[in-house]
1. Could you check how many residues of the stretch 57-115 are more than 15 Å from the chain's Cα centre (by Cα), farther than 23 Å from GLY139 by Cα and surrounded by fewer than 21 Cβ atoms within 10 Å (Cβ to Cβ)?
2. Give just the number: which of (1) surrounded by 21 or more Cβ atoms within 10 Å (Cβ to Cβ); (2) in contact with a Gly (Cβ under 9 Å, 6 or more places away or on another chain); (3) of a type outside the set (A, V, I, L, M) does ASP126 not satisfy?
3. Give the residue that is modelled with the lowest pLDDT, with candidates limited to residues of the stretch 32-45 that are surrounded by fewer than 23 Cβ atoms within 10 Å (Cβ to Cβ) and under 20 Å from the mean Cα position of the chain (by Cα).
4. Go through the stretch 168-195 and give me each residue that's modelled with pLDDT of 50 or more, under 19 Å from ALA114 (Cα atoms) and open to solvent by less than 90 Å² (accessible area, probe 1.4 Å).
5. When PRO54 is evaluated against the numbered criteria (1) surrounded by 17 or more Cβ atoms within 10 Å (Cβ to Cβ); (2) of a type outside the set (Gly, Ala, Ser); (3) on the phi < 0 side of the Ramachandran plot; (4) at pLDDT 95 or above, which criterion, by number, is the only one it fails?
6. Could you figure out which of (1) modelled with pLDDT under 95; (2) not in a loop (DSSP other than H, G, I, E, B) isn't true of GLY133?
7. Inside the stretch 55-111, can you point out the residues that are outside any loop (DSSP other than H, G, I, E, B), among the small types (Gly, Ala, Ser) and touching a residue at least 12 places away in the same chain (Cβ under 8 Å)?
8. Tell me which residues, restricted to the stretch 132-181, are closer than 17 Å to GLN88 by Cα and in contact (Cβ under 8 Å) with a residue 12 or more places away in the chain.
Amino acid sequence: MLRFTDGHSGQIPSCLNAAPVVALDDHGWSPEAHIQSLSAERQRVARMIIELAPTYQISPRFALAIAVAESRLDAGAVSPKNAMGVMQLIPDTAARFNVRDPFDPRENIKGGLAYLRWLLAYFRGDIALAAAGYNAGEGAVDRYRGVPPYPETRAYVARILNFVARREHPFDSRIARPSAMMPAGQSASEGASDT
C-alpha cells in the first residue's frame, strides 16, 4: 500500500486516535458479592454490564448501580413512563443512542452506557448530577442547577451514591460540551484524558 500512497507522514488522522485511557478504580469492590444472590438470568445481565462498562469508560460499579436502580436487571421491564429494558430507556433516549430493540439486553445496556458516558462528560464527572440526569433528564438538572427537588430523583441519587461510594468519575471531555451550570475553569485535564 505504501508504494501507492507515497509513504507515511507519521500523522494519524484524529478519527483513528485511541480513546483516552480511563482509570476506573472501584476501590477493591468485587461484583461477585452482589451477583451471587441474583437469579441466573439477572446474573447474566449483571455480568454483561460489568463486561461492557469499561468499553464505554464507565466504572462497572456505577453502571451496575444504575441498572439495579432502574430495572433490578430485568430485561423486560417497562415503566409507567414507557422506559424499557435493563437500563430503562425512554423511546427518545433509545433513538438518540441508536437502540433499535430496547428489549435486547445487550443493545439496551450499550445505549444506557453511551448515555451515562455522555452525562458524565456533560456534568464533568459529577456522579450525583449524572445519576440525576439519568433519572430526571439533563434538562431538569440544568433547570434546577443541581439535583432536582423531586423526591424520587433525590432518593435515586442517594441510592446510587451509597452503592458507588464516591462523588467523582473520570470522563472524556471530548464526548460533550459541559453543562452551562458547570463551574467555569474546570479543565479537561480533570476528566478522563489524564487519569
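The values are calculated or read from the model by the stated rules, or taken from the named source; none is laboratory data. This one's a predicted model, so the numbers in the text were calculated from it and none came from an experiment. Neighbour counts run over all protein chains shown; Cβ positions are idealised from the backbone, glycine included. Remember, those area values only see protein heavy atoms, side chains included, never the ligands or the DNA or RNA. Shrake-Rupley method; radii C 1.70, N 1.55, O 1.52, S 1.80 Å.
1. Here the count works out to 8.
2. It is condition (2) that ASP126 fails.
3. Result: HIS34.
4. Scanning the stretch 168-195 gives HIS169, PRO170, PHE171, ASP172, SER173, ILE175, ALA176, PRO178, SER179.
5. (1)
6. So the condition that GLY133 fails would be (1).
7. Across the stretch 55-111, the qualifying residues are ALA63, ALA65, ALA67, ALA69, SER71, ALA94, GLY111.
8. ALA132, GLY133, TYR134, ASN135, ALA136, GLU138, GLU152, THR153, TYR156, VAL157, ARG159, ILE160
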